[in-house]
Amino acid sequence: MATSPKPARPSSQPRRAAVIGGNRIPFARQNGAYARATNQDMLTAAIEGLVARHGLAGEQVGEVAAGAVLKHSRDFNLTRESVLGSSLSARTPAYDVQQACGTGLEAAILVGNKIALGQIDSGIAGGTDTASDAPIAVNEGLRETLLTLNRAKTPGQRAKALTHLRPGQLVPEIPRNVEPRTGLSMGEHMAQTAKQWGITREAQDEIAAASHQNLAAAYERGFFDDLVTPFLGQTRDQNLRADSTVEKLAKLTPVFGRGEGATMTAGNSTPLTDGASAVLLGSDEWAAEHGLPVLAHLVDAQTAAVDYVTGNEGLLMAPAYALPHLLERQGMKLQDFDLVEIHEAFAATVLTTLAAWESEEFCRDRLGLDAPIGVLDRSKLNVNGSSLAAGHPFAATGGRIVASLAKMLHEKGSGSRGLISICAAGGQGVMAILEAA
Amino acid sequence: MATQTLSESPSLAPLFVKAALTQRGRRGDLPATAWRREGVVVDRGHLLAYQRVCGFTGGDILPHTYPHVLGFPLQVALMADRSFPLPLPGLVHLENQITVHRRLTADDRLDVTVRAEGLRPHVKGRLVDLVTEVEVDGVRVWDGRSTYLRRGPGDVDASPGDQAPPLPEGPPAGVIRVPEGQGRAYAALSGDVNPIHLHALSAKAMGFPRAIAHGMWTAARTLAALEPRGNDASSSHLWFAKPVFLPSTVELVVDDESPVIVAGLRSVKDPAKPHLTLTLARP
C-alpha cells in the first residue's frame, strides 16, 4: 500500500498557489462527437490527461475539486467517482463544486486558497459539462407512482399504485436553459442588456470572428499541444471555424431578442457544447519536489452577484461589479494587466462589460467610483480565442481559461499579470488574477 | 502454420448453424491453419456500447478484454470449420488468460490472428486453447488464451493446470445487479448468440433452468470495477466457476493489497460459491 504524503503544514502566513499546468479535452458541439459521453467520462479523461502529462499516476494529491452544471442525480459524487476512475491514488479526496458557468474558476480558487493556507500542498480543479447527455427526468406523476410502487410491500399495494399510471405521464421532463425565476433564457436576458447598452451587431460579429481566428492561430502554432488531449477521435474544438469572418457572420439571422434591435445570432452566441477541463495547482515547494515548472501564481480572486430578478441589472453583468474590489485590493488599474480573458458567453457580454467599465455614469452610480475604470486595449483581450470559438461546456470553461492564461503569461515573462472574468447564471460573476512565475 | 486471412469479420449466426449441423464425427488433430484479419479498425460506436454494457469508462482506451470480442468471430470461424476436431456446441469456457503488452486505443489498427493449440486431456473430458494474438505494425500488443472444455470421457491423471486462488473473504467491495436482458445485450455486442444466454425459454431448451450471463461479460464487468488497472500493460487469468443466472445480484470482492490483484464475483446467498475468480498482475 502506498504511504501517505507528509501532511501539509497549516501556516498563519498565506503563500501563493502555483498554477502548474492544465489539460482539457477538445470541446464538441451538442450532439456532436461526444453525444454519448457522460460528464464522468469526460472529467475522467481530462484528469487522466493531466495526470499523464505531469507524471502523477498513483500520486495522492491534496484534493480534487470539480463540478458540472447540468448534472444527473446519479452523479452526486461526480468528482470523487472520476478520481476513482483515474490513475490518481484512490486515496485522493474530492468534492463537487457548482456555481453555474463560474464552476471551473471557482474550483480553482477553492483549491488555490487551500494551498495558500497550507491545508493542502497540491490539488486539481476542474469542470465538465454535457449538453448532449443531459439529465431527463421522468414525468413527476410517473416518478411518484414508481416510487410508490417501489415502496409497496404487498401485491395489493402494488396493484393500487399501478392504478395511478396515466398515458400523459410518459412525457418526460427535459431541462430547459432558462432562469428559474424569470423564465427567460440566458440569451433573451443578454439581448435585453445588449439593447440597453446599444451594442451593435457589427461589434458582436467582430468579437466572434476574432475569437475563431485567434483560436485557430493558437492551434496552428501548437499553443494547445500541452493543454489539450484528444478524446473520442476529436483533436480540436468542434465548433472552431478557422475561416470565420465578419462578412460570413453578418449573414446569420438573429436568434435572441425581437424585431429591429435584435443583434444576437448563433454566430455571436456560444453554442451548447460538451467537454471537460482540469488544472493542476500546488505550492512552489510541491512543484519543485515533483520537478514541475510553475507557470503562474493565483494572486487574488473575487466573486460578485447582481439582482437581475426584477430587471434592475443585466443577468450577466456581475463581473463588472467584481473588478473594482480586485483593483482596490491589488492597487492596480485595469490597464495594468498584460492580458485579459473575458469569457464570451455571448459577444455582447464582453462588449457590455467593457462598455460598463468605460461608462462614467455606470462606474459612479453602480460601482461607486470617482472615475470610470476606463478603456481596455483590445490587443490584450482573449488573444488566443475564447468561448465563441472553443465552445462553452459550462463548468469546463474556467479550467480552460486558467490553464491557457497561465501559459500565455509564462510566455510573456515573469511578473506579467492577467485577469479572468466569467459570468454565470443566477446573476453571478467570478474573477481571478494570475501572475507569471 | 498456414493462415486464412479474412477481409471482414465473419457473420456468426451462419457459422453457429454450420457448426451445429457438422458436429458429428469430428476427430483428429487440431487444424494447422490460423485465422487472421488485418488492419482491423475499431468501431467507436461498438467500443462505447461495449464500455457501457460492461461498465468501463467510455473513451478511447480499449478495455483489457475488448480485443477478445474482436477475435471471437475468428475463434468461431476456426471452430466451426470441419477441420476442428471438437464439436462447437456444448464447449464450456473454463479459463481465459489475457496479456496487454501496452495500452491500446481506438486509433490502433489491429492485426488479429487466432489459432488452436494444446488439445489435452482433462478430468472431465478434453481441453483446447484458442489463442488470439493482436499486433500493431508487426509488434505484439495483446495476447489472449481461451480454454474450452469438451465434456466426455475424462482422464483422472490429467494435469489440473493452474488453479484459481481462493476468493477474497470478508465484506463485498460492491454488488452488481445483472438484469434479465444482460445476455441479449452482450450477445448483440459480441456476436455470441448461444441460446443459453438469450432468454429463459431458450436456455431451458438447452437444459439450463434460466438464462446465464456470458462468462466474458462477468469477466469484463469485474475488470471494469478495477479500472484503470487493466488498461496498461497487465496480465489477467480468469477462472469461470458457477454460472450467473439472469437476473441476479452478485457480490464483487477484491484484494489489491498484494502486487497481484485477486478479484471475483460471488453469490449473495452463498458467499462460498464463486462465479468467477481473476488475478490481475502488472509489471
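Determine which member of the set A:37, A:68, A:8, A:90 is open to solvent by less than 40 Å² (accessible area, probe 1.4 Å), farther than 28 Å from residue A:297 by Cβ and in a loop (DSSP other than H, G, I, E, B). Let's see the steps before the verdict.
Values: A:68 fails: farther than 28 Å from residue A:297 by Cβ; A:8 fails: farther than 28 Å from residue A:297 by Cβ; A:90 fails: open to solvent by less than 40 Å² (accessible area, probe 1.4 Å).
Going through A:37, A:68, A:8, A:90 in turn, the sole match is A:37.
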So if I check each of A:57, A:37, A:94, A:90, which one is farther than 27 Å from residue B:49 by Cβ and under 19 Å from the mean Cα position of the chain (by Cα)?
A:94
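Return the only residue of A:111, A:83 being open to solvent by less than 10 Å² (accessible area, probe 1.4 Å) and more than 14 Å from every other protein chain (Cβ to nearest Cβ).
Numbers: A:83 fails: more than 14 Å from every other protein chain (Cβ to nearest Cβ).
When all the criteria are applied, what remains is A:111.
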Residues (buried (at least 21 other Cβ atoms within 10 Å of the Cβ), more than 12 Å from every other protein chain (Cβ to nearest Cβ) and either over 26 Å from residue B:119 (Cα atoms) or of a type in the set (Asp, Glu) (or both)) located in the stretch B:23-54
B:50, B:54
Among the residues in the stretch B:164-175, are any open to solvent by less than 20 Å² (accessible area, probe 1.4 Å) and either closer than 19 Å to residue B:78 by Cα or among the acidic types (Asp, Glu) (or both)?
no
I want to confirm something. Restricting to the stretch B:55-89 and keeping residues that are touching a strand residue (DSSP E or B) at 6+ places or on another chain (Cβ under 9 Å), within 14 Å of chain A (Cβ to nearest Cβ) and open to solvent by 20 Å² or more (accessible area, probe 1.4 Å), which single residue is farthest from residue B:45 (Cα to Cα)?
B:55
Go through the stretch A:113-139 and give me each residue that's assigned to a helix (DSSP H, G or I) and either touching a strand residue (DSSP E or B) at 6+ places or on another chain (Cβ under 6 Å) or under 14 Å from residue A:22 (Cβ atoms) (or both).
A:115, A:116
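Of all the residues that make up the stretch A:233-245, how many are away from chain B (no Cβ under 14 Å) and open to solvent by 50 Å² or more (accessible area, probe 1.4 Å)? Can you show your working first?
If we filter the stretch A:233-245 for residues that are away from chain B (no Cβ under 14 Å), which is where we start, we get A:236-245.
From what is left, the residues that are open to solvent by 50 Å² or more (accessible area, probe 1.4 Å) are A:236, A:238, A:241-243.
Adding up the residues that qualify gives 5.
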Residues (more than 11 Å from chain B (Cβ to nearest Cβ) and open to solvent by 20 Å² or more (accessible area, probe 1.4 Å)) located in the stretch A:45-62:
A:53, A:54, A:55, A:59, A:60, A:62
Looking at A:183, A:126, which one is free of Cβ contacts under 8 Å to residues at least 12 places away in the same chain and under 30 Å from residue A:387 (Cβ atoms)?
A:183
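In the stretch A:24-34, what residues are away from chain B (no Cβ under 14 Å) and either hydroxyl-bearing (Ser, Thr, Tyr) or surrounded by 24 or more Cβ atoms within 10 Å (Cβ to Cβ) (or both)? Give the derivation first.
Residues of the stretch A:24-34 that are away from chain B (no Cβ under 14 Å), as a first pass: A:24, A:27, A:29-31.
If the condition is that a residue be away from chain B (no Cβ under 14 Å) and either hydroxyl-bearing (Ser, Thr, Tyr) or surrounded by 24 or more Cβ atoms within 10 Å (Cβ to Cβ) (or both), then A:24, A:27 are the ones that fit.
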Could you grab me the full set of residues in the stretch B:235-283 that are within 14 Å of another protein chain (Cβ to nearest Cβ), part of a strand (DSSP E or B) and open to solvent by 30 Å² or more (accessible area, probe 1.4 Å)?
B:254, B:255
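Give the residues of the stretch B:17-75 that are in a helix (DSSP H, G or I) and basic (Lys, Arg), sorted by residue number. Can you show your working first?
As a first pass, look at the stretch B:17-75 and keep what is in a helix (DSSP H, G or I): B:17-21, B:44-54, B:66-75.
Passing the criteria: B:18, B:44, B:52.
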Considering every residue within the stretch A:214-231, establish whether at least one is within 20 Å of residue A:347 (Cα to Cα), part of a helix (DSSP H, G or I), open to solvent by 20 Å² or more (accessible area, probe 1.4 Å) and more than 14 Å from every other protein chain (Cβ to nearest Cβ).
yes
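The values are calculated or read from the model by the stated rules, or taken from the named source; none is laboratory data. Since the structure is predicted, the reported quantities are computational estimates derived from the model, not experimental observations. No Cβ is skipped: glycine too gets one built from the backbone with ideal geometry, and neighbour counts run over all protein chains shown. For accessibility, only protein heavy atoms count, side chains too; no ligands or nucleic acids. Shrake-Rupley method; radii C 1.70, N 1.55, O 1.52, S 1.80 Å.
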